[in-house]
Each structure stands twice: as C-alpha cells, then as structure tokens.
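The values are calculated or read from the model by the stated rules, or taken from the named source; none is laboratory data. In this text, all values refer to a predicted model and were calculated from it rather than measured experimentally. When we count neighbours, we look across all protein chains shown, and the Cβ atoms used for this are built from the backbone with ideal geometry, even at glycine. Ligands, DNA and RNA are stripped out before the accessible areas are found, and what is left, the full protein with its side chains, is counted by its heavy atoms. Shrake-Rupley method; radii C 1.70, N 1.55, O 1.52, S 1.80 Å.
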Amino acid sequence: MTESEKRRRDLLRQTRKLYDENTSLPAVHPRYGNLIHELYDKEEQEEPHSSFFFRAALGILCFVCYICIDTNKIEVAEVGSEQIVNQIEKQMNVEALEEVWKQL
C-alpha cells in the first residue's frame, strides 16, 4: 500500500468519524466474529509481506553460482562441486545433529 493510499484511507476514516457515520459492527454470534471482522474491517487490514520472491531469487542465485563452479571446475574456499554434492547426499545422524545444535 503506497503512502497516498494510506493517507486517503486515513482521511476517509477521519471523515466518517467526523460525521458520526455508523462504523460499529453488527451484532453477531461470537462463533462468527472472525468472519464478520474479515468482511467489515477490510480498510484496516494490511496485506502481509511475502518473502517468496526474495527466497526464490536467492535460490536461483545459489544455483547459478553452483553451475558456474561446476562447469569451470573452480574451487572456492578449497571446496569443489563434487564435495558440495557429497555433503548434500550425505545422510545425517540425528543424534549428532542434536549435539551440534546444543553446542550452538
């Protein structure tokens, strides 16, 4: 939501309050309260920010770096693409993982 949209919504809310427009929610059974709030409180809800595109771009960047390392046979920090594949395919012992986690 842009700054101008926020400002317009705020001005609309102030105008409704000024003219004492009926802003209260209708009386409903408590079981259906969440549904009513979803229907009537659209103005005040902000859309949650998603990190999907950031995570997808980061994954694609890592994959492209791996492909470059693999095709050019580059060793980064004394690690080659074969060692990366071996570590990914390696089965991890759960007890050892718990010990490492506790040490952190």
Within the stretch 84-99, restricting to residues that are surrounded by 10 or more Cβ atoms within 10 Å (Cβ to Cβ) and of a type in the set (A, V, I, L, M, F, W, C), the one that is farthest from residue 73 (Cα to Cα) is 97
Condition set among the hydrophobic types (A, V, I, L, M, F, W, C) and open to solvent by 100 Å² or more (accessible area, probe 1.4 Å), scope the stretch 9-38, selection modelled with the lowest pLDDT: answer is 27
